[in-house]
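Here's the structure, in structure tokens; my notes come after.
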Amino acid sequence: MISDNPMGLIPGVEDMTPLLQHPTPRAMICTRIPFKLEKKIKFLLEHVPIGRHERYLEWLLQYHFVHPATQSLVPDLIRYICLVQLPRESEGFPRWALVGYLISIVQKENIRANCKFSLFFDWLFTLKCEPLLHSIDCGVKLIANCIKSQPPLSISLLEFLYLISSNSIMNSLVQVQASISTSLCLAVSNNLIKSFDEVLDCYGISDSFVIQFQHCFPSLFESKHKNSSLQSGEFEPNFSNLQSETSSEHDSNSSNINQQFDSFQMEDKNYEKSTPKEEHCIPKIMDVSKLP
């Protein structure tokens, strides 16, 4: 294994722990994302309001992820959204909702496991590095806001956190369980979520898993919060049947958004005409589901 013999991968390196403690540079993450896709993601997050997102998500899916082979790019895109696209106080599409949509379109289980690993990767090193609240924010809000509308998604994310915390190989490299517990506590202390009690009270989560989760992260449940309800006013998307709103408060900006969207579509058409379909290069990342 690389963890047992890191010098086999990098000569002169006897321990992988210091390497894992360094955050991934944002510039390196950006190199994994095609420039055209990066422009469209920024457009969605900054300009497309909730309720008018359906056509834009379908456009993104049809142009970049319609073929199953292209979905190997989704984990890299989730890392890009979590680390590069910082939270904004704008009327654009929420980062966590976009991440949830991207996970929902993935068909292969190994790529879906990579997506979850990408979403929570920075949580594994909270004790060793400066906490990245913008990365914690994205994962916590996805769990909290989908627990009612998309319980299977939220439950699968909670199960992933529990399973990776129980992984002896990961814990031998870094203190994964303690780091994830710290990340969850930071989410509560920074009001990203008021409490995890209501999340675990969701219908569909077995009592045995609740006990295991509480035993795995005891510091999260040491003190009971008076108000255990989720943050109010958050959007709860149903990724299989997103409902559109009928408010007219965004009408003044709709023409500008449509113009920019039309320019994107024109660029796509010109690109399709000038590029043969056979020349389609999709970057790949490590398949974490095959780790021993």
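Does Arg32 meet the test of being at pLDDT below 90, assigned to a loop (DSSP other than H, G, I, E, B) and at negative phi? It is true that Arg32 is at pLDDT below 90, assigned to a loop (DSSP other than H, G, I, E, B) and at negative phi.
Just a yes or no: is a residue in the stretch 95-115 in a helix (DSSP H, G or I), surrounded by fewer than 23 Cβ atoms within 10 Å (Cβ to Cβ) and touching an Asp or Glu at 6+ places or on another chain (Cβ under 6 Å)? Within the stretch 95-115 (the criterion being in a helix (DSSP H, G or I), surrounded by fewer than 23 Cβ atoms within 10 Å (Cβ to Cβ) and touching an Asp or Glu at 6+ places or on another chain (Cβ under 6 Å)), the answer is yes, since at least one residue qualifies.
Would you call Ile105 aliphatic (A, V, I, L, M) and over 26 Å from Tyr203 (Cβ atoms)? Taking the combined requirement at face value, the residue does not satisfy it. Among residues of the stretch 47-73 being in contact (Cβ under 8 Å) with a residue 40 or more places away in the chain and among the polar types (S, T, N, Q), the one that is surrounded by the fewest Cβ atoms within 10 Å (Cβ to Cβ) is Thr70. Every condition in (1) surrounded by 17 or more Cβ atoms within 10 Å (Cβ to Cβ); (2) under 16 Å from the mean Cα position of the chain (by Cα); (3) assigned to a loop (DSSP other than H, G, I, E, B) holds for Asp76 except the one numbered (3).
The values are calculated or read from the model by the stated rules, or taken from the named source; none is laboratory data. All values reported here derive from a predicted model rather than from experimental measurement. So basically every Cβ, Gly included, is an ideal-geometry build from the backbone, and we count neighbours across all protein chains shown.
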